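Heads up, the thing below is written out as structure tokens.
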Amino acid sequence: MHVLQIAWEYPPHIVGGLGRHVAELLPALVGQGVEISVVTPRLRGGAYEEVADGVVVRRVDVPESPWSDYPSLVAQTTHALQVAADELQSRRGRFDLVHAHDWLAAEVGVALKHRWRVPLIATIHATERGRGRGSLNGPAAQRINDLEWRLTFEAWRVIVCSRFMARQLGDYFQTPADKIDVVPNGVHIGGSPFEDAEGWLAFRRRYVADDERMVFYVGRIVYEKGLHVLLDAWPRIVGAQKARLIIAGSGEYLAPLKGQAEALGVSDTVRFVGFVSDAERDRLYHAADLAIFPSLYEPFGIVALEALATACPLVVSDAGGLAEVVQAGVTGLVAPADNPGALADAVIAALSRPDLARARAAAALRDIRDYYTWPRIACATAAVYERVLGEWWDSDWGPGSLAA
């Protein structure tokens, strides 16, 4: 089986959950015996063509365009991605399927579906209306929403990462429930990045004092991640526990959050550390007393899996897929989204009983080993491919109809 993937994020260009998902899924699919090629914009360097982890990667240049109008930038890159896909097919053989990731790949995926007469599969990682909490704010958002609808309509099947996302597609695009497959994200489970207790303590002291509890957030610094809710809760938390909040990541909402911390009088207990590497992130998870993700909108919450894979205690909001990843009171604590008081209660409870917090983290690690591994997710994705190829072959559109 030869599958073309279309994704706007692929290493070295990874921004959020979409990029992490694709970067891990594609090599895992190769491990399942699927031949994989990917076309992607060349946004942060990388060779124009290479084979990495068994995946054939073809990158194309992005035309100069104002980044403020991102949908137009995507549209202008569509032709280059199509040309690259045609070149790959001419050299490497016919593709059996096209798999497009999110609205950014919609126009390319739909065009190739009709030109090559092969099935299109879509993965919807998030929705613009969901990010806007049910609203579309401006013409660009409306264009993105329209592309999301078209991709779900044109796809033979649609993959989403959570039951929450499946409901959103039904609500927003009237996508039939029997057209949707729920395949979660995955995570790698690694050992401790520290050789000994002294190394762990020395690292931890870079961020907090010995008598402080470390609460850690990592991710994009945007409104939908709910960090303003966490800051509203923070005065009450530090009134009950001696703690420091470490916020890692970058994004458009950083300056307002710093101003909010100053206005609340908690800036001395909140530290913004900027972008951190994956290795530094994992060390922080191992050093932290608690990881926290107070999102307002979260299709899945791969960061929660990453925290749990290090056995770090966790507090999350109940937004979207987070409530599916974390079993309240069993593998972590869950607070209502956009509720500073409830979030403060959950954090104080976790910090007050570290024994219970660690027991929940241990239970989460067992859950992850059973369910959230990339080989398992790749196997489920390959099963979708097999189903689609079987249905396509016997359909009026497939080669089986010609043989009959």
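Computed from the coordinates by the stated procedures, all read-outs in this text should not be read as laboratory data. Note that this is a predicted model, so its numbers are computed, not measured. Counting neighbours? That spans all protein chains shown, and the Cβs are built from the backbone with ideal geometry, glycine included.
Treating the beta-carbon of each Lys and Arg as +1 and of each Asp and Glu as -1, no other charges, what is the dipole magnitude of region 266-330 about its Cα centre, to the nearest 20 debye?
On the way: 3 positive and 9 negative charges, 20 e Å.
Dipole magnitude for region 266-330 comes out near 100 debye.
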Subject >> Lys, Arg +1 and Asp, Glu -1 on Cβ, resulting dipole of the chain about Cα centre, debye, nearest 20 >> reply: 220
**OP:** Mind telling me which of Cys161, Cys312, Cys379 comes out most flexible in a GNM of the chain, alpha-carbon contacts under 10 Å?
**Re:** Cys379
Original post:
Looking only at Ala23, Ala323, Ala47, which one moves most when the chain is put into a Gaussian network model with springs between Cα atoms under 10 Å?
Top reply: Ala47
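Below 12 angstrom from the Cβ of Ala23, what's the summed charge of the other residues (Lys, Arg +1; Asp, Glu -1)?
On the way: positive: Arg20; negative: Glu9, Glu24, Asp53, Asp278.
Once positives and negatives cancel, what remains is -3.
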Subject >> Share antiparallel - DSSP beta bridges, the chain, percent rounded to 5 >> reply: 10
Subject >> Within region 272-306: backbone nitrogen closer than 12 Å to the Arg206 label point (7 Å, Cα to C-beta) >> reply: 276-285, 287
Original post:
Of (i) 20.2; (ii) 44.7; (iii) 29.5, which is the value of mean projected area of the Cα convex hull in nm² derived from the coordinates here?
Top reply: (i)
**OP:** Please give the net charge around Ile180, taking every other residue with its beta carbon less than 10 angstrom from that of Ile180, where Lys and Arg add +1 and Asp and Glu add -1.
**Re:** +2
Subject >> Set of lysines with alpha-carbon distance to Lys113 below 23 Å, sequence-local pairs under 8 removed >> reply: Lys179
Original post:
Within straight cross-link reach of Lys225, meaning Cα distance under 22 Å, which lysines are found once same-chain residues fewer than 8 apart are removed?
Top reply: Lys258
Subject >> Relative contact order [Cα under 8 Å, 6+ residues apart], region 266-335, whole percent >> reply: 27
Original post:
Which net charge results when you count Lys and Arg as +1 and Asp and Glu as -1 among the other residues whose beta-carbon is under 13 Å from that of Arg94?
Top reply: +1
**OP:** Considering only Gly239, Gly170, Gly130, give the residue with the highest GNM mean-square fluctuation for the chain, with springs between Cα atoms whenever their separation is below 10 Å.
**Re:** Gly239
Original post:
If you place +1 on the Cβ of every Lys and Arg and -1 on the Cβ of every Asp and Glu, how big does the dipole about the Cα centre of region 1-153 come out, in debye to the nearest 20?
Top reply: 260
Original post:
Using a simple spin-label model with points 7 Å from Cα along the Cα→Cβ vector, what separation in nm is obtained for His114 and Lys242?
Top reply: 6.7
Original post:
Which of the trypsin sites (Lys or Arg not before Pro) across region 92-193 are loop residues per DSSP, with 15 or fewer other Cβ within 10 Å?
Top reply: Arg94, Arg117, Arg133
**OP:** Work out the charge dipole of the chain with +1 on the Cβ of Lys and Arg and -1 on the Cβ of Asp and Glu about the Cα centre, then indicate which of Gln5, Gly130, Pro256 is farthest towards its positive end.
**Re:** Pro256
Original post:
According to a simple spin-label model (label point 7 Å from Cα along Cα-to-Cβ), what is the distance in nm between Asp196 and Ala328?
Top reply: 4.5
Original post:
Any idea what the relative contact order of the chain is, in percent, if you count C-alpha pairs under 8 Å spaced at least 6 apart?
Top reply: 14
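What order do you get for 222-228, 73-79, 263-269 when each peptide is scored by the mean count of other beta carbon atoms within 10 Å, highest first?
Values: 222-228: 22.0, 73-79: 17.9, 263-269: 13.6.
Ranking, from highest mean packing down: 222-228, 73-79, 263-269.
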**OP:** Determine the gain in length on full extension of the stretch Trp397-Arg353; use 0.36 nm per residue of separation and subtract their C-alpha separation, reporting nm with one decimal.
**Re:** 9.8 nm
